[in-house]
Amino acid sequence: MDLEAAHGAAAAPGKQRRRRARESWGASLLLAYQSLGVVYGDVATSPLYVYKSAFAGDDIQHSAGNEEIYGVLSFVFWTLTLISLVKYVLIVLRADDGGEGGTFALYSLICRHVRAGLLPGGGGGAGDELAVGGRRDARAMSRLRAMLERYRVLQRLLLLFALLGTCMVIGDGVLTPAVSVYSAVSGLELSMEHEHHKYVQLPVTCAILIGLFALQHYGTHRVGFIFAPIVCVWLLCISAIGVYNIVHWNHHVYRALSPYYMYQFLKKTQTGGWMSLGGILLCVTGSEAMYADLGHFSQSSIKIAFMSVVYPALVLAYMGQAAYISQHHSFENAYHIGFYVSVPEKLRWPVLVIAILAAVVGSQAVITGTFSIIKQCSSLSCFPGVKIVHTSSTVHGQIYIPEINWILMILCLAVTLGFRNTKHLANAQGLAVITVMLVTTCLMSLVIVLCWNKSIFLALGFLIFFGTIEVLYFSASLVKFHEGAWVPITLSFIFMIVMCVWHYGTIKKYEFDFQNKVSVNWLLNLGPSLGIIRVRGIGLIHTELVSGIPAIFSHFVTNLPAFHQVLVFLCVKSVPVPHVQPEERFLVGRIGPKEYRLYRVIVRYGYRDVQKDDIEFEKDLVSSIAEFIRSGDSHHNGVLEDTDKSCEKLSSISNGIPLWMEDGEVDASASPHKETDTQIISPNRKKARFVLPKNAQVDSEVRRELQELMDAREAGMSFILGHSYMKAKSGSSFIKRIVINFFYEFLRRNSRGPSYAATIPHASTLEVGMVYQV
């Protein structure tokens, strides 16, 4: 009996491990299925236009020897295998930034391991230990790391390179919907009577695009349940048609998978074959989405979906098209070499409907990815403030940005109406796609050395191998500048100027704040009353500084010599990590002696975090200060000096003191109506009343300070915001005056304020204006 019991006890952990493994596999399979509708819609629709783009124009012609079609198939197969499968699925997906992916995530990952960030407050200030601390290599710093940390020029080049990739992603968000939907609707040419399609194709495409962007504000979670089935049906459809064409027309087409046919193709076509690579590279469009959407899924789920479903279906689809085209040489022009010509005539209408739905799904994924990357840039001071609406209460990554959505729609319609053919649209999209891939390859080689601590020769091997392939495609795309490739370059140039001007202005504003901050000694000389009248309540002074007293405070008290009994200098800081854990959210410190009742609080958010509303934020803020007074202050008595070392005296508050919350009177002066996903919050809201527990184990002095904090909270909390106007100082260069006085000020006036300011009750807000001469 004892033996049986012992055996059962020994077997129990094994059963639990197997059950957890089954649950893990079940979760991965479910995520893999869901990823089909979110991640792979773009790459799944590429068979609609790859062959048509490759044979467009006079670069190459389809001949009876089939060297061209076999060579294109060989290039498509090996490009899809090496770039999408090997590079992205097997290597790049491992370089996640706290579970997040994308070009800007690679940049922030590098900045977390090397002090190469140029963001305001970066470089070792309080709150930056999440970005650079705790993960640095214990070994001697490599020469590459030392160079990046020493030379400011290299840091600027690194940021510009990351911004270039980001701008190209935005350009891809303009071009992908146009190419996908226009190519899907082009099937009307073979499904309608002669010449009638010309009057229908363009209006139908524009109507679908307008409907696509108009529905964005509902969020992908409302229609997401139908995305994965659509892509599954589409992949099943193209793979079945591919198998049919292989069996029925040319079952020897598999021989074209040999790299030998690539050599034969380039040998025969020469310059024309090289120029056609700009259309062939579209077979990997959407591969970057696998990495950019990593935060919504897991590495294993994306790998399972691609290797088991997407990759085999695409290979069969491309082989099937090549098998059909190899047996049909009587086309009037190269425009007819496309997807729909290889579809059996009886299936063209159903396939057309499925293709349009799949194109919409693929476009949706790219648009959502564009929203996400703009949010990342905005939170890290590289893009003007925009309104961000979270469309899902469960998936924080699903967002909607109204301004960007309508800009994308206008640009998308403009390129569609302007080009009116797949050739120029594909040339434009190809350059955007390959540029992003080149940026990813270069940044990834730095990650291999700086973050993974691998050999520099391994990084060089990665850079040379994949970089050579992508430079070949990049040159083929760039040579078609006048045939549509100028569009992503122009769009990227415009967005790059906006990002650089905004980043430069933000840096200058922060430098002005830092150089003109008031010393703590000036504050201490005023005495406990600060030389002004102290009234009941808590005053929150928002500042970008993590140390010292902002100039806005002295500007305020000079003109209005009265302030609250409790002062909190609040710094809401975005750090280059995806998420900040709740226990690491607040850093609390004291300025001056205890009787001054001055505190500094740094609130840290990752670039994918959702900031709380004002009620939750106030509760967490007061609780954190109370916990600091009760326990943290025992290690931080005395005065915080106005030096960089003062940042080290800030305490990370994990759990606030357990304050009781009682329902108080109705607060009719709260913020106006605020619409959320599920309800509308009335302006008449219950105000939380904080009460210190009588059984709290604190001494009399601490209890008196805590009680004063509670009384001040009951009296009300006011928010003092600085409203700055930037102006280039006299003697500045002409370019600087243009950038600061006109471009930056134009962007500032037409952009949203800080995200935390949107949740502050307007009745409790006071704005203090200042002119910054930088």
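The values are calculated or read from the model by the stated rules, or taken from the named source; none is laboratory data. What you see is a predicted model; the values in this text were computed from it and never measured. Note that we place each Cβ from the backbone using ideal geometry, even for glycine, and neighbour counts take in every protein chain shown. Each accessible area value is taken on the protein alone, full model and side chains, heavy atoms only, with ligands, DNA and RNA left out. Shrake-Rupley method; radii C 1.70, N 1.55, O 1.52, S 1.80 Å.
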Problem - Test: residue in segment 308-321 that is in contact with a Ser or Thr (Cβ under 8 Å, 6 or more places away or on another chain) and over 25 Å from residue 90 (Cβ atoms) - result: yes
Handout entry: Selection status of residue 440, touching a Gly at 6+ places or on another chain (Cβ under 9 Å) and either in a helix (DSSP H, G or I) or open to solvent by less than 30 Å² (accessible area, probe 1.4 Å) (or both)
Key = yes
Practice task
Determine whether segment 600-621 contains at least one residue that is among the polar types (S, T, N, Q), open to solvent by 10 Å² or more (accessible area, probe 1.4 Å) and modelled with pLDDT under 50.
Solution key: no
Exercise for the section: Kindly list, by first and then second residue, each pair from a residue in segment 757-774 that is closer than 20 Å to residue 557 by Cα to a residue that is modelled with pLDDT of 75 or more and open to solvent by 80 Å² or more (accessible area, probe 1.4 Å), limited to pairs with Cβ atoms under 8 Å and residues at least 6 apart or on different chains. Expected result: 769/725; 770/725; 771/725; 771/727; 772/725; 772/727
Handout entry: Meets criteria (assigned by the TED database to the domain that holds residue 445, among the small types (Gly, Ala, Ser) and under 17 Å from residue 339 (Cα atoms)) for residue 53
Key = yes
Fill in the blank from the handout: Restricting segment 470-529 to residues that are closer than 30 Å to residue 427 by Cβ, among the hydrophobic types (A, V, I, L, M, F, W, C) and not in a helix (DSSP H, G or I), the one most open to solvent (accessible area, probe 1.4 Å) turns out to be 479
Exercise for the section: Restrict the check to segment 274-283 and report whether at least one residue is over 21 Å from residue 470 (Cβ atoms) and open to solvent by 50 Å² or more (accessible area, probe 1.4 Å). Expected result: no
Problem - Long-range neighbours under 7 Å by Cβ, at least six apart or interchain, first residue assigned by the TED database to the domain that holds residue 338 and more than 12 Å from residue 315 (Cα to Cα) within segment 241-252, second in a helix (DSSP H, G or I) and hydrophobic (A, V, I, L, M, F, W, C) - result: 245/323; 249/323; 250/323
Exercise for the section: Restricting attention to segment 346-381, report how many residues are open to solvent by 10 Å² or more (accessible area, probe 1.4 Å), closer than 14 Å to residue 405 by Cβ and either modelled with pLDDT of 85 or more or not assigned by the TED database to the domain that holds residue 214 (or both). Expected result: 0
Exercise for the section: Report yes if some residue within segment 326-344 is at pLDDT 90 or above and out of contact with any Gly (no Cβ under 8 Å at 6 or more places or on another chain); otherwise report no. Expected result: no
Practice task
With the checklist (1) in contact with a helix residue (DSSP H, G or I) (Cβ under 8 Å, 6 or more places away or on another chain); (2) over 30 Å from residue 344 (Cα atoms); (3) surrounded by fewer than 19 Cβ atoms within 10 Å (Cβ to Cβ); (4) at pLDDT below 85 in hand, flag the one item residue 223 doesn't pass.
Solution key: (1)
